[in-house]
Amino acid sequence: MKHEIKVPAMGESITEATINTILKPSGALVKMDDELLELATDKVNQVLYAPQNGVFTLKVKEDDVVKIGQEIGYIDDEAAAGAQATKPPEAKGKEAAPSKKAPVEAPKPAPTAAVPKGEPAKAARVTTDDYLSDLLAQPSMKEEKKDEKKPIAITAAAPRTAAAAQTEEREIRRKMSRIRKVIATKLVEVQNTTAMLTTFNEVDMTQVMDLREKYKDMFLKEHGVRLGFMPFFIKATVSALSEFPDINSYIDGDDLVQRQYYDIGIAVGSDKGLVVPVVRDCDRLSFAEMEKSIQGYAAKIKDGTLAADDLQGGGFTITNGGVYGSLLSTPILNPGQCGILGMQKIQKRPVVVDDQIAIRQMMYLALSYDHRIVDGKAAVSFLVHIKNCLEDPARLLLNI
């Protein structure tokens, strides 16, 4: 019986995928749950597994674009049974009978000078390995005739022509992955279809860092996850979105649609490109629940099990370029979103506090926003609200 293999549904907005990597060749005998191939989409990659034992037949090749629901191959379990039946019986007994092969006759050595009397004669060569060892041990013809004086021919190097230089491999060409092509297309599309501006501010992270240092061990013991900086930024963002709801909106035709929920995308860099998994209903989550969600996504990204649904529906995005050492950068909006917050590197700097110069843990923040929806005043006020929440973390607990 043949078991069809079809491209599965991978999210509402995904209609096609690309055959990224074929892990089992067509005609291979596979077992249930063996990895067959990897599909690449504009959101995430997904591996297809064998639904049955049998002979795998593939109807597509790498880089082919396939539609959701399309049959791309099948597994024939009857062919597998036939393949097992035609296998030759194994030899009985613990040891197979030694094969009788004609002995390899060693090449006859070149005639050498007679061994002088009184010196022991060398053992006769009996195998090819012995012959090769002796051959390598013998001095070369050049060494034997090193005393002979021969004219040395000196050949001048040929001049390096432009044509020869062009044939040298000075560049490496490789195909862009599907996810990289889609990222490139989306980013250019956003810049062409939105009126994107960026406003900057700086935030004193000293109190957040002191709070985190004070409670990190207790937090880990109580909840089983480490306390990072991201929950502070998510809580501050939710507070700011509730004050400035237009930044949680998007344009649909002539309508401005305002979201009444707080799904925050967390941008994460991976080997295959940037992905933005979404933490749902952040206004209802505790710090521990946020950390567990973020770390769960991190594990999925590492294992390659991130699903398309994990990336759908974000209303605002937070990206942390500071983990790579970025001091100041301009984040680009995600499609369908009005704002994105860029976190930068935390760095000790001298600042004025109560008319005194003090060393504080400072971070630059960047807010990119769609000027078609949000005016400059609202955008700057939004970022200042986040700054105030982070510089006085008690505001996050009291919702003020």
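The values are calculated or read from the model by the stated rules, or taken from the named source; none is laboratory data. Since we're looking at a predicted model, the values are computed, not measured. Reconstructed Cβ throughout: ideal geometry from the backbone, glycine too, with neighbour counts over all protein chains shown.
Go through the range 157-180 and count every residue that is acidic (Asp, Glu) and modelled with pLDDT of 80 or more. Total satisfying the criteria: 1.
Scanning the range 249-268 for residues that are assigned to a strand (DSSP E or B) and surrounded by fewer than 16 Cβ atoms within 10 Å (Cβ to Cβ) returns Ile251, Asp252, Asp255, Leu256, Val257, Gln258. Number of residues in the range 188-206 that are part of a helix (DSSP H, G or I) and in contact with a Leu (Cβ under 9 Å, 6 or more places away or on another chain): the value is 2. Residue under question is Leu48, and the condition is that it be without any contact (Cβ under 8 Å) to a residue 40 or more places away in the chain, outside the structural domain of Val182 (by TED's automatic domain parsing), closer than 21 Å to Arg178 by Cα and touching a strand residue (DSSP E or B) at 6+ places or on another chain (Cβ under 8 Å); does it hold? In short, no.
For the range 189-221, the candidate set comprises residues that are surrounded by fewer than 14 Cβ atoms within 10 Å (Cβ to Cβ) and within 16 Å of Ser368 (Cα to Cα); within that set, the residue that is nearest to the chain's Cα centre (by Cα) is Glu189. For the range 207-233, filtered to residues that are part of a helix (DSSP H, G or I) and of a type in the set (Lys, Arg), the residue that is nearest to Ala394 (Cα to Cα) is Arg212. Residue count for the range 247-274, restricted to those that are of a type in the set (S, T, N, Q) and under 25 Å from Thr41 (Cβ atoms): 1. Considering only the range 269-280, I want to know if a residue exists there that is at pLDDT 95 or above, farther than 26 Å from Leu327 by Cα and loosely packed, with under 14 Cβ neighbours inside 10 Å. No, that holds for no residue. Does Lys186 satisfy the condition of being surrounded by 13 or more Cβ atoms within 10 Å (Cβ to Cβ), over 21 Å from Ile318 (Cα atoms) and in the same structural domain as Ile340 (by TED's automatic domain parsing)? Taking the combined requirement at face value, the residue does not satisfy it.
Residue-wise test of (1) in contact (Cβ under 8 Å) with a residue 60 or more places away in the chain; (2) farther than 26 Å from Thr206 by Cβ; (3) assigned to a loop (DSSP other than H, G, I, E, B).
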{"position": "Lys300", "(1), (2), (3)": "no, yes, no"}
{"position": "Thr305", "(1), (2), (3)": "no, yes, yes"}
{"position": "Gly322", "(1), (2), (3)": "no, no, no"}
{"position": "Thr330", "(1), (2), (3)": "yes, no, yes"}
{"position": "Gly336", "(1), (2), (3)": "yes, yes, yes"}
{"position": "Arg349", "(1), (2), (3)": "no, no, no"}
{"position": "Arg360", "(1), (2), (3)": "yes, no, no"}
{"position": "Tyr364", "(1), (2), (3)": "yes, no, no"}
{"position": "Lys377", "(1), (2), (3)": "no, yes, no"}
